[in-house]
């Protein structure tokens, strides 16, 4: 799947008439690192949910790679989601599973063979700097380590696109920067990264493309942007 993202005049209106997105058009090319910014309620989370088909647009078109979201069969949605890694603010780790098991679980539900899981999981834990923590449980990890497990779980299926929705929101500045540096590293390996954040310091230091949302609309799209509302 080519990892280009295309949104064409996307609008999302909820039954209570709340407009989450209004006429959003967006093109993200392969291997880009794009930051989406905006105040709370600007539409950042709605946008990320659209990309994994957790939300449906009221109008407009979404194409990711060669997949037209209008025509994708329900049975193929899990396959689509396996091609897009997603990291959330609250980690979503399973507390009764070890670090290794949490990451392995993402492969198990996809029907991957045990031998392949045993080969893939240690590699990805090495990449995120958690090889020594594979037998630990989530309660034994720091917030930064838990987020690294979440990133490892998102990456273990080798997605072409990684969506990080406020991944540093619950972390102190040191751990937040560790996570951002890891996302930069992942991007260097060729994965398209879409980072939604409200952290101005991170955005302004990254000096990457910045898309600014306000009240459901794109108000700025800068190649080397700053977070200015």
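Since every read-out is calculated from the coordinates, none of them should be taken as a lab result. What you see is a predicted model; the values in this text were computed from it and never measured. A quick note on method: Cβ atoms are made from the backbone with ideal geometry, for glycine too, and the neighbour counts reach across all protein chains shown.
Residue order for 18, 212, fewest other beta carbons within 10 angstrom first, comes to 18, 212. By the beta-carbon count within 10 Å of each Cβ, the least crowded to most crowded order of 64, 12, fewest first, is 12, 64. Divided by 2.2 N^0.38 Å, where N counts the residues, the Cα radius of gyration of region 138-229 comes to 1.12. Dividing the summed -39500 (n - 2.57) terms of all DSSP H runs of n ≥ 4 by the residue count of the chain sets its mean residue ellipticity at 222 nm at -10000 deg cm²/dmol. Within the chain, the proportion of C-alpha pairs whose separation exceeds 30 Å stands at 23%. DSSP beta bridges fully contained in the chain are about 50 percent antiparallel.
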